[in-house]
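Trainee: Before we start, here is the structure in question, set down as structure tokens.
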Amino acid sequence: KHYEDPMLMSFDQLLEPGKEEDRKNPGLFMQLTELAKPEDIAGIIYTSGTTGPPKGALLAHEGYLWVGQAAQAIMPATNEDETISFLPLNHVYEQIFDMMFHLTVGHIVNFTENTDTVMADMQEISPTIFHAVPRIWEKYYSGIVLKMADATWLKRTLYKIALMIGTRYNNRALTKKNFRTSGCQL
């Protein structure tokens with residue numbers, strides 16, 4: 001999509017100040033990168049605060065990389081894969097899959113316009129990897145079950161057949177220790 005909002009910029013526009021700084025101070029970025037140690041703080045993830053005041057967990061560079069590599073081992077991806085980001089960016093699950101995992105793999109992360117457009121954005125983007133917290137999967141499942149309750153006999157039958165095929169596929173994939181079971185185009 002083409003957006004006109006003055007608050008938005010292209011990725012090239014985002015990179016330009018860094019390129020300008022590199023022209024002024026060649027090699028500075030690499031010098032600063034080499035100063036970072038694995039145990040240095042890379043980010044802070046806050047708890048929700050449901051049982052008390054929110055607390056910040058300090059995460060080191062080595063932790064980010066370890067989680068990214070662990071996610072890659074479980075769900076192999078490439079830089080050509082695409083995912084869709086729709087949880088708040090401070091959410092630990094979003095940090096894992098759209099930041100830590102991305103740092104390891106370099107896959108394409110697409111951001112939804114807002115929470116109301118997630119389904120439309122998914123259809124437009126057609127991600128090859130989709131991840132979500134259990135509550136989101138429950139909502140999707142409940143929505144499907146409700147639609148199937150009012151569906152025609154033919155649609156319900158096709159739904160049951162699709163579930164059988166999907167279950168067989170997932171069982172085979174899990175048996176082969178290929179955990180990338182939701183990696184098909186949506």
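The values are calculated or read from the model by the stated rules, or taken from the named source; none is laboratory data. These numbers were taken from a predicted model, which means no experiment stands behind them. Note: ideal-geometry Cβ built from the backbone for every residue, glycine included; neighbour counts use all protein chains shown.
Trainee: State yes or no: is Pro17 surrounded by 12 or more Cβ atoms within 10 Å (Cβ to Cβ), at pLDDT 85 or above and either in contact with a strand residue (DSSP E or B) (Cβ under 8 Å, 6 or more places away or on another chain) or not in a loop (DSSP other than H, G, I, E, B) (or both)?
Mentor: no
Trainee: Tally time: how many residues in segment 124-165 are at pLDDT below 90 and either among the charged types (D, E, K, R) or over 29 Å from the mean Cα position of the chain (by Cα) (or both)?
Mentor: 2
Trainee: Quick one: would you say Pro26 is modelled with pLDDT of 90 or more, more than 19 Å from Tyr93 (Cα to Cα) and not in a helix (DSSP H, G or I)?
Mentor: yes
Trainee: Would you please list the contacts, defined by Cβ atoms under 6 Å and residues six or more apart or on different chains, that run from a residue in segment 76-92 that is closer than 13 Å to Val118 by Cα to a residue that is loosely packed, with under 14 Cβ neighbours inside 10 Å?
Mentor: What qualifies is Ser85/Phe111.
Trainee: Any residue in segment 41-53 that's under 14 Å from Gln95 (Cα atoms) and touching a residue at least 12 places away in the same chain (Cβ under 8 Å): show its pairings with residues that are surrounded by 13 or more Cβ atoms within 10 Å (Cβ to Cβ) and charged (D, E, K, R) at Cβ separation under 9 Å, as long as the two are six or more apart or on different chains.
Mentor: Ala42/Glu62
Trainee: Another question, if that's okay. Tell me, please, whether a residue that is among the hydrophobic types (A, V, I, L, M, F, W, C), under 24 Å from Phe11 (Cα atoms) and assigned to a loop (DSSP other than H, G, I, E, B) can be found in segment 72-84.
Mentor: Looking for residues that are among the hydrophobic types (A, V, I, L, M, F, W, C), under 24 Å from Phe11 (Cα atoms) and assigned to a loop (DSSP other than H, G, I, E, B), one finds at least one in segment 72-84, hence yes.
Trainee: Go through segment 66-123 and give me each residue that's of a type in the set (Gly, Ala, Ser), over 11 Å from the mean Cα position of the chain (by Cα) and over 25 Å from Asp40 (Cα atoms).
Mentor: The answer is Ala77, Ala120.
Trainee: How many residues does segment 61-74 hold that are exposed (fewer than 14 other Cβ atoms within 10 Å of the Cβ), hydrophobic (A, V, I, L, M, F, W, C) and at pLDDT 85 or above?
Mentor: Count: 0.
Trainee: Give just the number: which of (1) touching a residue at least 24 places away in the same chain (Cβ under 8 Å); (2) more than 30 Å from Glu113 (Cβ to Cβ) does Gly68 not satisfy?
Mentor: (2)
Trainee: List the pairs whose first member sits in segment 130-142 and is of a type outside the set (Asp, Glu), whose second member is modelled with pLDDT under 85 and surrounded by 11 or more Cβ atoms within 10 Å (Cβ to Cβ), and whose Cβ atoms are under 7 Å apart, counting only residues at least 6 apart or on separate chains?
Mentor: Phe130/Ser182; Phe130/Leu186; His131/Phe97; Val133/Tyr93
Trainee: A further question follows. Please go through segment 75-94 and give me each residue that is hydroxyl-bearing (Ser, Thr, Tyr), surrounded by 14 or more Cβ atoms within 10 Å (Cβ to Cβ) and touching a helix residue (DSSP H, G or I) at 6+ places or on another chain (Cβ under 9 Å), ordered by number.
Mentor: Thr83, Ser85
Trainee: Now for a separate question. Within segment 108-125, count every residue that is surrounded by fewer than 12 Cβ atoms within 10 Å (Cβ to Cβ) and of a type outside the set (Val, Ile, Thr).
Mentor: As a first pass, look at segment 108-125 and keep what is surrounded by fewer than 12 Cβ atoms within 10 Å (Cβ to Cβ): 114-116, 120, 123.
Checking the rest, the ones that are also of a type outside the set (Val, Ile, Thr) come to 114, 116, 120, 123.
Residues flagged as surrounded by fewer than 12 Cβ atoms within 10 Å (Cβ to Cβ) and of a type outside the set (Val, Ile, Thr) within segment 108-125 amount to 4.
Trainee: Next question. Residue under question is Val118, and the condition is that it be part of a helix (DSSP H, G or I), out of contact with any Asp or Glu (no Cβ under 9 Å at 6 or more places or on another chain) and farther than 27 Å from Ala36 by Cβ; does it hold?
Mentor: On the way: part of a helix (DSSP H, G or I): yes; out of contact with any Asp or Glu (no Cβ under 9 Å at 6 or more places or on another chain): yes; farther than 27 Å from Ala36 by Cβ: yes.
Yes.
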